[in-house]
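Colleague: Below are the structure tokens for one structure; questions will follow.
The values are calculated or read from the model by the stated rules, or taken from the named source; none is laboratory data. If you're wondering where the values come from, they're calculated on a predicted model, not measured in any experiment. Ideal geometry is used to build each Cβ from the backbone, glycine not excepted, and the neighbour counts take in all protein chains shown. Side chains are part of the model used for accessible areas, which takes the heavy atoms of the whole protein and leaves out ligands, DNA and RNA. Shrake-Rupley method; radii C 1.70, N 1.55, O 1.52, S 1.80 Å.
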Amino acid sequence: MKRVSVTDLQKMRDDGRRITMLTAYDYHTARLADEAGIPILLVGDSLGMVVLGYESTLPVTVDDMIHHGKAVVRGAQRAQVVVDMPFGSYQGGWEDAMRNAVRIMQETGAGSVKLEGGVRSAELVRRLVDAGIPVMGHVGLTPQSVNAFGGWKIQGKTPRDGVRVMADAKAIEEAGAYAVVLETVPAMLGAKITQQLRVPTIGIGAGPYCSGQVQVVHDLLGLDELKPKHARRFLQGGDLLRSAFATYREAVESGAFPTAAESHLLDEQVVRRIERMASYSFPTNMQHEGIDLEGALAESEAEG
Ligand code: KIV
């Protein structure tokens, strides 16, 4: 199956087809999202918060990203897999950044990397693109700078700040990024930037006028207690999972799980031989709250 390429994404944008992107951090989620036809899977450093339980994305390492990136690439046959460059992996000079980007691409098999920052990251984006590494930019509320922003605040709300976010997006496009994530900016600013750029904009909390949308999979599935304003729960997954876990616990405690159908049974002859060899007698009627091993044994023998 042909993988979605960065040129396919540009064509989608040029044809006016909206682009869907979703985060994924493991094999099974990637496989299911891929089968659902999602064209871009982002191994976001949000993994630090939604998978690893940190308070921000800052503690995530290159090794963490590679570990999860590999799993997502194994699960997705068709999607373009983008792996985030985590905090500290590209702030220490372009050579360090190049080494980390090359490691991520080589060790995960992903199709591209994403990094945060506008004007300040433009030169680095240019170098990576020149080296043949497709880069997705990320401007607006860039979570790795949450401490500098003084919290998770909407960006571009004042005229001055709006112009700054627009300049950031433009700088990243001019540096050669194939797409730009716009995070937590007013919808009209998202629309204006989308109009001004030739490459796709992918919004998260940036309104409906972007070329595409990205969501964190835990928000979409309702697995997180918090529901950010920009998110929609397409499943009440938290409630469903909690209820399944409780039902499982009750079934174990009551003896309703496992049944014979969920047990591995012994052939009658083997049972008798064990009894002879070990001078041991199996209980004649191994019944236990719904499990009738003797009955199941007879049944499996009857089936041959
Ligand atoms: O890490 C992430 O999940 C992201 C998205 C929010 C765009 O960067």
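Colleague: Let me have the 222 nm mean residue ellipticity of the chain computed from DSSP H runs of 4+ only, each contributing -39500 (n - 2.57), with the sum over all residues rounded to the nearest 500.
Modeller: Calculated at 222 nm, the ellipticity per residue is -13000 deg cm²/dmol.
Colleague: Shifting gears a bit: With charges set only on the Cβ (+1 for Lys and Arg, -1 for Asp and Glu), what does the dipole of the chain come to about its Cα centre, in debye to the nearest 20?
Modeller: So the dipole magnitude of the chain works out to roughly 1900 debye.
Colleague: Okay, moving on. Among the lysines, select those whose C-alpha is under 22 Å from the C-alpha of residue 70, and discard any that sit fewer than 8 residues away in the same chain.
Modeller: Excluding near neighbours in sequence, the set is 2, 114.
Colleague: If we count every other residue with Cβ under 11 angstrom of residue 22's Cβ, Lys/Arg +1 and Asp/Glu -1, where does the sum land?
Modeller: My count for the surroundings of residue 22 gives -2.
Colleague: Moving on. Quote to one decimal, in nm, the extra length available between residue 94 and residue 164 on full extension: 0.36 nm per residue of separation minus the C-alpha distance between them.
Modeller: Using 0.36 nm per residue and subtracting the Cα-Cα distance, I get 22.9 nm.
Colleague: Sticking with this structure for a sec: Report the local net charge at residue 60: Lys and Arg +1, Asp and Glu -1, summed over other residues whose C-beta lies under 10 Å from its C-beta.
Modeller: Charge balance in the 10 Å sphere: -4.
Colleague: Still on this structure, please answer the following. How big is the antiparallel share of DSSP beta bridges in the chain, given as a percent to the nearest 5?
Modeller: 5
Colleague: At residue 263 and residue 281, where each label point lies 7 Å from the Cα along Cα→Cβ, what is the point-to-point distance in nanometres?
Modeller: 1.9
Colleague: Using the Kyte-Doolittle scale, which helices in the chain average at least -0.5 and also have C-alpha atoms spread 24 Å or more along the helix axis, with helices defined as whole DSSP H runs?
Modeller: Helices meeting the span and hydropathy rule in the chain are 237-254.
Colleague: What does the accessible area per residue of the chain come to in Å², with a 1.4 Å probe and no ligands, DNA or RNA counted?
Modeller: 53
Colleague: Tell me the GluC sites (Glu not before Pro) within the range 171-231 that lie in a loop according to DSSP and have at most 10 other beta-carbon atoms within 10 Å.
Modeller: In loop regions of the range 171-231 (DSSP not H, G, I, E or B), the sparsely surrounded GluC sites (Glu not before Pro) are 225.
Colleague: I want the local charge near residue 162. Using Cβ-Cβ distances under 12 Å, sum +1 for each Lys or Arg and -1 for each Asp or Glu among the other residues.
Modeller: +2
Colleague: Expressed in nm to one decimal, what extension gain is obtained for the pair residue 273 and residue 232 from 0.36 nm per residue of sequence separation less their Cα-Cα distance?
Modeller: 8.7 nm
Colleague: Can you send over the carbon and sulfur percentage of the accessible area for the chain, probe radius 1.4 Å, protein chains only?
Modeller: Roughly 55 percent of what the probe reaches on the chain is carbon or sulfur.
Colleague: Of 110, 76, 86, whose Cα points farthest to the positive end of the dipole of the range 70-125 (charges on the beta-carbon: +1 Lys, Arg; -1 Asp, Glu; origin at the Cα centre)?
Modeller: 76
Colleague: As an exercise, identify the GluC sites (Glu not before Pro) in the range 14-118 lying in DSSP coil whose Cβ has no more than 11 other Cβ atoms within 10 Å.
Modeller: 55
Colleague: Along the Cα-to-Cβ line of residue 103, 7 Å from the Cα, sits a label point; which residues in the range 51-75 have backbone N less than 19 Å from it?
Modeller: Residues passing the 19 Å test: 57-73.
Colleague: How many angstrom separate the Cα center of the range 58-96 from the Cα center of the range 158-191?
Modeller: Measuring centre to centre over Cα atoms gives 23 Å.
Colleague: Kindly state, to the nearest 0.05, the FRET efficiency for residue 56 paired with residue 247, given R0 = 45 Å and r defined as their beta-carbon distance.
Modeller: Once the sixth-power term is evaluated, E becomes 0.85.
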